[in-house]
Amino acid sequence: MQQTRSVEIGTGLFVLLGMSALFFMTTQTTGGEKFSASETFEVEASFENVGSLKPRAPVSMSGVTIGRVTDVTFDPVALEARVTLIIDSQYDQIPDDSDASILTAGLLGSQYIGLQAGGSDTFLENGSEIYFTQSAIVLENLIGKFLVSSGSGGDE
Amino acid sequence: MKGLLRDIYNNVLEFVRTFGAFQLFFLRIIRHSPRIVLRRPGLVIKQIHNTGALSLVIIMVCGFFVGGVLGLQGYSNLARFNAEDSVGTVVALALIKELGPVITALLFAGRAGTALSSEIGLMKATDQLSAMEMMAVNPVRRVLVPRFLGGVVAMPLLVAIFTCTGLFGAHVVAVDLLSVDVGAFWQQMQLSVDIKDIREGVLKSFVFGIVASLLAVWEGYNAIPTAEGVGRATTRTVVITAISVLILDFMITAVML
């Protein structure tokens, strides 16, 4: 009887340890950019160049995640990228002249959209559009600009 | 020439027959499983103890050092690009998706699989299985099924424990010894590990658990009932489990990508 008891205790401890390891794995190693809001509203924005922005990328304001990107498409008429964002409904007082820029988290990080508050009295709501946008910085363009400017600087 | 062709034909046929017998054996084990779980859960618990709880030491020690070496290698290579903060990402993805399930399965084959097949093989060699049949006890149900189920339950838990001790080992090496920033270590990891990656790892651990336990039980049950036969069955368990685990790992990864 004593034998079975110790076997059962050992097994119980093992299973508990395994379960907690599984729990630790699912909760602690994942979900840095978790965003879940029950109610959201949709906003659109056009960008000249979205770089490597992907759906599910976070939308943040002052460094706090307030929404995420749901769709990135190309508009064949305007010849620009259309980005659809959803924003948590509790943030319903974002001025509608705020500007959206595509930023990179860290040197090797993924890209996200940063919103910078404007000064308007009307607010972003479902279906509104962000007019002031700033494209992603593409390294090749940057290097190109740098070469051109340093070349012209040498002539003077 | 004709003899050679016939030999090849016979060998191929024999291989196909063994493979088919293996599938039927699997179905037989599955068919008996629900009854054992419902009526004699004690037998399964005892086997979870044998295969799982008693493998904890080897799993945790190996996990710690595998994580540690990943941290060390990751750090020294990433430091060339000034990206040593990403060491958490590298270690976590490697452990969760690949090394956790695969190394645990190989260790499981070495620690628990050999024990299972030699135990069953020895039972067969000493006529215990025949004795059971004489007493109208079905040895498949009484001996094989609990051992199989014990392995299937123990494997995913062992993989989770291996992965967590690995992360701990990497944390000790990277954060405590090489002074990577602790916040960067975890944040980079959390940014890049998706729940999809964990699902892949867990799926692998279930598949490997089924394969490793089934092969161990099968080899033991089909061992030639002599001292040499049992020894050979034990060896075959490790060899075949290692090969099938690595092939399956490749296939699952290819499908999940």
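The values are calculated or read from the model by the stated rules, or taken from the named source; none is laboratory data. Values in this document were obtained by computation on a predicted structure and should not be read as measured data. Don't worry about glycine lacking a Cβ; one is built from the backbone with ideal geometry, like all the others, and counts go over all protein chains shown.
Structure values in brief
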read-out	value
Condition broken by B:R141, with the remaining ones in (1) buried (at least 20 other Cβ atoms within 10 Å of the Cβ); (2) at pLDDT 90 or above; (3) charged (D, E, K, R) satisfied	(2)
In the range B:113-139, the residues that are part of a helix (DSSP H, G or I) and not aliphatic (A, V, I, L, M)	B:G113, B:T114, B:S117, B:S118, B:E119, B:G121, B:K124, B:Q128, B:S130, B:E133, B:P139
Long-range neighbours under 6 Å by Cβ, at least six apart or interchain, first residue more than 14 Å from B:L99 (Cβ to Cβ) within the range B:158-177, second at pLDDT below 90	B:A174/B:V87; B:A174/B:V180; B:V175/B:V182; B:V175/B:F185
Which listed residue, of B:L38, B:L78, B:L56, is assigned to a helix (DSSP H, G or I) and at pLDDT 90 or above	B:L56
Residue match in the range A:70-88 (condition: within 14 Å of another protein chain (Cβ to nearest Cβ), modelled with pLDDT under 90 and outside any loop (DSSP other than H, G, I, E, B))	no
Residue check for B:G67: surrounded by 15 or more Cβ atoms within 10 Å (Cβ to Cβ), farther than 19 Å from B:N138 by Cα, modelled with pLDDT of 90 or more and not hydrophobic (A, V, I, L, M, F, W, C)	yes
Tally, over the range A:100-133, of residues that are at positive phi and modelled with pLDDT of 85 or more	1
